Amino acid sequence: MRVLLVGGGGREHALAWKLSRSERLTKLYVAPGNAGTRAVAENVAINPMDFEALADFVASRRVEMLVVGPEEPLVRGIRDFFEADGRFGSLLIVGPGSAGARLEGSKDFAKGFMARHGIPTAAHLTVTRENEEEGLAFLQSLRPPYVLKADGLAAGKGVLIVNDLEEARRELGEMLRGKFGDAGERVVLEEFARGIELSVFALTDGRSYKMLGSAKDYKRVGDGDTGPNTGGMGAVSPVPFADEAFERLVEERVVRPTVEGLRAEGIDYRGFLFFGLMNVDGEPLVIEYNARLGDPETEVVIPRLRVDLLPLLEAMATGRLREVECRLDARFRVAVAMVGGGIPAAAVAVWKYRVWRR
Ligand code: AMP
Ligand code: GLY
């Protein structure tokens, strides 16, 4: 099988590494890739948001499977784009269409979805400039700290957690007036969940699903989990404080109802699901959905996979996921980021440059 993997992070390196070991692989391209993917695949200089260029490449190289790593192309409809083009009727695509990616692309949609399907999450109110007064009153009704989330994609920067009520009220006003651009036209106000955070991953073909285990990323720059947030300094899988009983609870209360809910809403979701969770005294609460794998979590989740990834993805894309097995190694995997000076501010600039402007 000839595969094109879209993205340029550590996540794509982990996926490329695993795919490169597949007996079923004949050629692997990564757009745009990075220094790591170059060692196991062929990098091609195409921006993940340039759907036309990706389509021309897929057509000219007779690519059979498209695997989408990052959220932005998913939320902006890369699957819909390929499905609308008659040339790609038999192309297998890993990643949901824009309807499914709204789980990540709109926090308001995600909260509504969880409410409709009885999935545990923190109490919330969605605020626009029309019901700003109601938003201020809702803030008043909460205990600090206050959680304010821009509805749309904001490159991981759209969530504010503030201790002071006056500051929360001021931030709400600023968000509604363009602090995060269009992403903040709607703001989701949320009750603060007290617990310990972790992520759980799954793969679904829209009907059945496979659990891919838990992981935790450590985002703060300093030793001992101190200092400013980064894109992730490292990760571990499985998560030591999420035992099998907790993972089963997540499967019962979160993963299965999510897959069933998507189906009930007529959303044909084929791809990865990433559940951002809070473990509150042993009970899982969903903090966020992502329509993709995590970065750096993929670096610790994918190496635990004890089966060939390519047939698993193929079965998922063709709706036969139920027929294949998925086994995970019980041993721990740990990833540590090595970074240049100046992180987080300087490193973010480098990452953006590498991924999007190459
Ligand atoms: P998100 O982009 O939704 O993952 O939010 C960014 C971070 O904010 C999360 O990783 C959590 O650490 C924190 N967070 C988000 N929502 C809540 C909440 N309701 N309660 C506590 N912490 C939260
Ligand atoms: N590591 C968090 C994320 O990928 O969103």
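We did not get these values from a lab; they are worked out from the coordinates using the rules stated. No experiment lies behind these values; they were computed from the predicted model shown. Methodologically, a virtual Cβ is constructed for each residue, glycine included, from the backbone with ideal geometry; neighbour enumeration extends over all protein chains shown.
Some points to look at:
- Pairwise alpha-carbon distances in the stretch 1-142 exceed 17 Å for 66% of all pairs.
- Between helix 345-356 and the chain: long-axis angle, C-alpha atoms, 0 to 90°, nearest 10: 40 degrees
- Alpha-carbon centroids, the stretch 33-95 and the stretch 273-294: separation in whole Å: 27 Å
- Principal semi-axes of the equivalent ellipsoid, √(5λ) from the alpha carbon gyration tensor of the stretch 62-156, are 36, 13, 11 Å from largest down.
- Principal-axis tilt of helix 10-20 within the chain, Cα atoms, nearest 10 degrees: 30 degrees
- The calculated FRET efficiency for the pair residue 62 and residue 252, based on their C-beta separation and a Förster distance of 45 Å, comes to about 0.60.
- As a proxy for reagent exposure, 124, 13 were ordered by neighbouring Cβ count within 10 angstrom, fewest first; the result is 124, 13.
- Angle in degrees between helix 165-176 and the longest Cα principal axis of the chain, rounded to the nearest 10: 50 degrees
- Taking every lysine pair in the stretch 136-248 that is 8 or more places apart or spans two chains, those with Cα atoms closer than 24 Å amount to 8.
- Mean-position separation - Cα centroids, the stretch 122-152 and the stretch 161-228, in angstrom: 15 Å
- The stretch 122-249 gives an Rg/Rh value of 1.03, both radii derived from C-alpha positions and Rh following Kirkwood.
- Cβ-based exposure ranking for 49, 338, in which fewest neighbours within 10 Å come first: 338, 49
- Full-extension gain in nm, residue 137 to residue 53, via 0.36 nm per residue minus C-alpha separation: 25.4 nm
- Estimated 222 nm signal from helices in the chain, with DSSP H stretches of n ≥ 4 weighted -39500 (n - 2.57), rounded to 500: -9000 deg cm²/dmol
- Viscosity 0.890 mPa s, 25 °C: Kirkwood-radius Stokes-Einstein D of the stretch 160-316 over Cα pairs, µm²/s: 140 µm²/s
- 5 angstrom amide H check on residue 30, placed H, neighbours 5+ away: 5, 42, 43, 44
- Spherically averaged projected area of the convex hull of Cα atoms, the chain: 17.5 nm².
- Residues 219, 149, 210, sorted so that the one with the fewest Cβ neighbours within 10 Å comes first: 219, 210, 149
- The stretch 245-298: radius of gyration over Cα atoms, expressed as a fraction of 2.2 N^0.38 Å: 1.18
- Across the stretch 280-320, the residues whose backbone nitrogen lies under 12 Å from the label position 7 Å along the beta-carbon direction of residue 241 are 280-283.
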